[in-house]
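Quick notes on the structure that follows.
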Amino acid sequence: MIWVITSPERIHEEEQIVADLLQAGASHLLLRKPSWQTADYLSFLEKIAPEWHPRIIVRDHAGVSSRFAVGGLHLSEKKRCSTDTRTLQRFPLCSTGIHDTAAIATMPSTFNVLLLSPVFNSISKTGYHGRFAQPLPNKQGKRILALGGVDASNIHQLKAWHFDGAALLGAIWQQPEKAVTLYQRIQQRWNSNDQSS
């Protein structure tokens, strides 16, 4: 399972790149724009073909689901503490980020995907050093994606460490014009790891 997380900044022709990434096989796209309001998310989704909406996860803006059949909700730590369970139950998938393996055991089962970071040294954040490049402890039945510094050179290590996949950010958006090619190379490495195990 490989997710792509949008760049925090606006990217030229981003809606088309997002559609192309989903077409290329990204299991989900996490639409994460920290400076955006709900109206910005709605405007973006209006430009994406409805067929892709079920594979888009929106960060922190649950209200988007009243207009679009998005595939999930991702909550930041701040929103996680202030969002009620009924809101989460409206979504087929709920995810959140964690920065400590101890949080795996304490996270409510409502969050069926956890993004653990930083695994490797971050590509997009200078000085954000990896801390979890090692086997995971008991996953408590949860799906854990590696976030932070994952690219084609290291994704093959994640299965041996019991990760269920990865969430890609810097590896994709440092060269937006090559986003799909970069994604496909990473996906190929992940899949080839399937065949060798």
| Before we move on, is LEU93 crowded, with 21+ Cβ neighbours inside 10 Å and either touching a Leu at 6+ places or on another chain (Cβ under 6 Å) or not charged (D, E, K, R) (or both)? | no
| note | Expected output for region 38-52 (first residue outside any helix (DSSP H, G or I), partner surrounded by 12 or more Cβ atoms within 10 Å (Cβ to Cβ), Cβ below 8 Å, 6+ apart or cross-chain) is LYS47/GLU15; ILE48/GLU15; ILE48/VAL18; ILE48/ALA19; ILE48/ILE56; ALA49/ALA19
| task | Please tell me if SER124 is under 21 Å from PRO8 (Cβ atoms), part of a loop (DSSP other than H, G, I, E, B) and of a type in the set (S, T, N, Q). | result | yes
| said: So GLN187 passes all but one of these: (1) out of contact with any strand residue (DSSP E or B) (no Cβ under 7 Å at 6 or more places or on another chain); (2) not in a loop (DSSP other than H, G, I, E, B). Which condition number does it fail? | reply: (1)
| note | Of the residues in region 102-140 that are at pLDDT 85 or above, of a type in the set (Ser, Thr, Tyr) and surrounded by fewer than 18 Cβ atoms within 10 Å (Cβ to Cβ), the one that is nearest to LEU30 (Cα to Cα) is THR110
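The values are calculated or read from the model by the stated rules, or taken from the named source; none is laboratory data. Treat the numbers as computed from the prediction; the structure is a model and nothing was measured. Here Cβ is always computed from backbone atoms with ideal geometry, including for glycine, and neighbour counts include all displayed protein chains.
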